[in-house]
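Below: one structure, written as C-alpha cells.
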Amino acid sequence: MIPNSKLFICYFLLVLSIYGHAQNTSNPIPLQQILLNLETKFNVSFTYADKTVESIKINPPVDSLDLNESLDYLREETSLNFEILNDRFITINKVNNIKGNICGYLVDSEDKSVIVGATISNHNIIRISDIDGFFQVKDAPLTATFEIRMLGYEPFTLSVTNFIETSNNCSTISLKPASKELSEVIIYNLLTSGLHKNLDGSFVIDIDNFGILPGLTEPDVLQSIQSLPGIESINETVSHINVRGGTNDQNLVLWNGIRMFQTGHFFGLISAFNPYLYKNINIIKNGTTAAMGNSVSSTIDIKSNYDIPDQPSGGLGLSMINADLFLKIPLSKKVALQFSGRRSITDMVKTPVYNKYFDRAFIDSEIAKSSTIDSDTAFNSDENFWFYDVSGSLIYDITNHDKLRIHFLNIYNQLDYTENVITLSDSESKTSSLKQRSIATGIEYHRLWNNQISTSIQASLSNYILDAINFDITNNQQFIQKNEVLDNSLKLDLFWPVKNRIDIIAGYHFHETGISNLEDLNNPVFYRYIKRVIRMHALYSEAEYRSGSGNSNIRFGIRGNYYPKYQSVFIEPRLVLSQKIYDFVSMEVAGEMKNQSATQIIDYQSDFLGVEKRRWVLANNNDIPIMRSKQASLGLSYDKNDFLISIEGYIKNVEGLSSTSQGFQNQFQFVKSRGIYNVSGIEVLANKKFNQISAWASYTLSQNTYTFESFSPPQFPSNLDITHALNSGINYTYKNLNTSIGLNWRTGKPYTIANGIVNNQIDYQIPNEDRLPDYLRFDLSVKYNFNLSSKINAQLGGSIWNLTNHKNIYNIFYKTENDELVEVQQLALGITPNLMLRISF
C-alpha cells in the first residue's frame, strides 16, 4: 500500500496535470503571442509573414514539451509548416493539403533559365529534370518529401503537400542561392545572379550561383566588385583597387580569416584567388565589424565553402591564360577535403591574350626596353613568365558541437628575362628574374557550448616575398631587391545571444607583423637592409539587435588596439543601422574609425624591374606614421516590382598618410612628408529586371583632396580623384545562353604637366592641375551551358574586353633622355578577346 504522504503527492500531481490541461484547452490565445513565448523560452527566432499567423488563435503547448515537440504540436493545430533552418532561426509558411501527383519545372531564380539534369529523389524514388527542366512523380505518398539537387544551386526540399499537380498545372520551382543564415539577411539581388546587398550595406558575391558580367569569362572576384559604385581601379588592375579614394594597400583582404598581401597574378591583371572553392565574398565599404581591424579603407572577406558534400564533385577549366582544377571530396560523413589548383599556360603557348597582357603588364619596365650599344654589338632578349596558385581546406565536423578547419594557400608568379650581348670577339648572357610568392595557412576550431554560447579560435600565418635580381650588362651592374612580410595572428571569439534578437560578440586579437626590405648593388657598392616588427593587442565587443518584423537592424561595436612599441592606444567605434521605412523603402546609416600600421611605398619607379614598384613597409612613427581613418555614410534604397535604386552619400578622412605611398611622379616624387586625404561623394545604384533581362547602372560623384602642409601648394586633388564614374550593363538570358554587354566610363585622373628642364631637373606646373582624357570601355561576355550527361555539365564562354579598341591613357609622366624632356603615356588594355571551357561534375 502506498503511504499516505506519497498518495497525497500523486493525487496532487494528477489534479495539477488535469487543471493545467484544462487551462490549455479552454484559453486559446493568438499564435503570435505563443511564438513570442517560445522565442523567449528556447532562445529561437521565428520568421514569417504577418498574414500567415495574424488570424490564428490556439491553445498554447504545455510547458513540459521541448522545442521539437512544441513545433509538432503547432503543426498539428495550425496546419502551418515550421522549418528549422539552424540553431536559432525557424521559418513559418502555409501548407497546401490537396492530394495528388507532384510535378514541376525547375528554373534559375535569378535569370529564369531552365535547369536540366537536376536530381529529384527520396529514399525510394529518383527522377531527373529533362531538357525543359520538367519532372514528375506519380502516386507520391502525402507525407513524402523529396530533395532537389543540382551542382551550383542550394539543395531544395520539396514536400508533397506543397507541390501537388492540380488540373494538369505544374509548379515552377526556382532553385536559388537563398542563404539560410538569416543573420546575414540578404535583401537584394543585383546586376547578375549571385551578387547581393545586405541590410548592413555590404555586398556579397555567392560564387556557386554567380552569373555573368561584361568582359569576364569567369567570376574573377576582384574584377567583379569593380562594377559596384565607389570601387575603381585607377590603372585597370586588380592589385590596385581603390575604394572611396583609398589606395589598394588600405584594403583589408582576408582569405578564410587570413590577411593577404598579394592579390594578383600577372602583376595585377588577374585575381590571385581561384574562385571555384569559395562560398561567398563579402565586400564592406563602411561599417566594418569590430572583429576586423588594421586597415583604413574597405574589407574584402573571402570565405570557403564549409559544407561536407554527400558525394564527390569538382570541375576543370581552360582559358587562353590558364588551366584550373577543383575538387570537393567527402572522406566520411564528418570529414571532407577541398582542393583547387590553377596554372598559367603562358610559358607553353603564347596566345593573343597573353601578348596583350604582356604588353600591358611590362610597358615602360626594364623588360620592355631595348638597348642600342654600337654598330659592332648585337643585342637581343627573351622573357619567360608563368604563375600558379594552389589552395586546400580540410573540413572536420568532429561532433555536432565541435568543428575543425585547416586551410592552405600558395600563390606564385615568376618572370625570367634574359639579355644577350654579342660582340665581334665575345658574347655575354645574363638572366634577370622577378619572383612573387605568398603562402598562407591557418587553423580554426569552433565550439558550440550550448544553445546560447559558442566560441572560436583561429591561428594563422601569412608570408609574402617579392624577390628580384636585375642584371644590367651594359653598365656591369647587379641589383638585388627583396621585400618580405611575415604576418602572424591569433584570434579568440565569443558569440553569445544574451537575449531574444540580441547577439553579442566579443574577442581578443593578437597580431604580429614583420617586414624586411633589402637592396644590394654591386656598382657602385650599396647595401641596405631594414627590418621592423610591430605587435598589436586588440579587444573588441559588438552587439547586434534585429526586430521580429525584420524592419530594424542595428549593430554597434567598439575595438581597442594597443601597440606596445609606440605605447599607443586607438579606440575605434563602429556602427551600422538599417531601418525599413515603408514596405519598399529602407534607410542605412554607417560609421567607423579604423587604423593601419602596414602600408606600401614606392622608393623608385624602377624598383623590381619596373614591374612591381610597390613594397610593403611598417610604420616608424616618423615619416611613415600609423594611419587613422574616420568615415560616415547615409543611404536610402527603394525596391519594388523588380526595380531597385539606392543612393548613398559618404564622407571619409584618412590622416597619417605617407607621401611615398601615393605614387607621385611629379615634383613630390622623392619628397617624404605626412599628410591626409579627404574624400566625399554620392553613389547611385539602379537595377531593373523584367523577364530574362536585367539592366543596371552604378554612378559615383566624388571629390578627393590631399593636404600636405610641407608641400607647395599644401592642398591639391588626389592622384586617385575620379570626379565621375559610370558602370552600366544589360544581362540577357535565353534558356541556357547568357549574354552581357556593358559600358565603363570615368573622367580622367589628375596629373601634373611639365614645362621643361631647368638646372638639369624637370620643371613642373601646379600639381595635379590637369586631367587625363576620359576613360571609356565597352565589354561583352557570352556563356552557354549544356550537359554532357546527367552528372556532367559543361560551359562554353567568350568575352571581349574593350570591344571598340578605345585608346585609354591611365597615366602620363615625364622623364629625361639625352637632356631632353620626354612625355610617357601609359596605355590600358586594347581590344582583348578570351575564350573559356569548363566542365563540372
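Quick note: the coordinates plus some simple rules give every number you see, no bench work behind them. This structure is a prediction, so every number in the text was calculated from the model and none was measured. Reconstructed Cβ throughout: ideal geometry from the backbone, glycine too, with neighbour counts over all protein chains shown.
What the table below lists for this structure:
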item	result
All aspartates and glutamates inside 18 Å of residue 138 as judged from Cα atoms, apart from same-chain residues fewer than 8 positions distant	130, 147, 165
Set of segment 380-407 residues, backbone N closer than 20 Å to the point 7 Å along the Cα-Cβ line of residue 332	393-407
Anisotropy class of segment 205-309 from Cα gyration tensor, a/c 1.5 cut	oblate
Segment 223-232 - phi-based ³J(HN,Hα) in whole Hz, Karplus 6.51/-1.76/1.60, Gly and Pro as x	7, 5, 5, 6, 7, 7, x, x, 10, 10
Structure-based [θ]222 nm, the chain - -39500 (n - 2.57) summed over DSSP H runs of at least 4, per residue, nearest 500	-2500 deg cm²/dmol
Estimated FRET transfer efficiency when R0 is 35 angstrom, pair residue 112-residue 531 (beta carbons, to 0.05)	0.05
Other-chain or far-sequence residues with amide H under 5 Å of residue 265's (modelled H)	270, 271, 272
Gyration tensor (alpha-carbon) shape descriptor, segment 195-252, a/c threshold 1.5	oblate
Between helix 4-26 and the chain: long-axis angle, C-alpha atoms, 0 to 90°, nearest 10	70
Residue list for segment 527-556, given a label point 7 angstrom along the Cα-to-Cβ vector of residue 581 and an amide N cut-off under 13 Å	none
Sequence-distant aspartates and glutamates (8 or more away, or on other chains) whose Cα lies within less than 15 Å of residue 303	181, 184, 206, 208, 220, 444
Gain in span if fully extended, residue 790 to residue 404, counting 0.36 nm per residue against the direct Cα distance	135.6 nm
Straight-distance crosslink candidates among lysines, where the alpha carbon sits under 17 Å from residue 41 and sequence neighbours closer than 8 are dropped	499
Environment charge at residue 614 (Cβ cut-off 10 Å; Lys +1, Arg +1, Asp -1, Glu -1)	-2
Pairs beyond 19 Å (Cα-Cα), from 640/688; 435/482; 640/783	640/783
Amide proton proximity set for residue 808, modelled H, under 5 Å, gap of 5+	828
Three-way shape label, segment 270-353, alpha-carbon gyration tensor, a/c 1.5	oblate
Long pairs among 197/580; 689/735; 197/630, criterion Cα-Cα beyond 19 Å	197/630
Note, ³J(HN,Hα) from phi for segment 30-46, Karplus 6.51, -1.76, 1.60, rounded to Hz, x at Gly and Pro	x, 4, 4, 5, 4, 5, 4, 5, 5, 4, 5, 5, 10, 6, 10, 9, 9
Potential lengthening between residue 323 and residue 85 on full extension [0.36 nm per residue; Cα-Cα distance subtracted]	81.9 nm
Integer Hz, Karplus 6.51/-1.76/1.60 couplings in order for segment 250-260, x for Gly and Pro	7, 8, 8, 9, 10, 10, 6, x, 9, 6, 10
Hull-based mean projected area of segment 425-475, where the convex hull spans the alpha carbons, in square nanometres	5.3
Directionally averaged shadow of the chain, computed from the convex hull of its alpha-carbon atoms, nm²	43.0
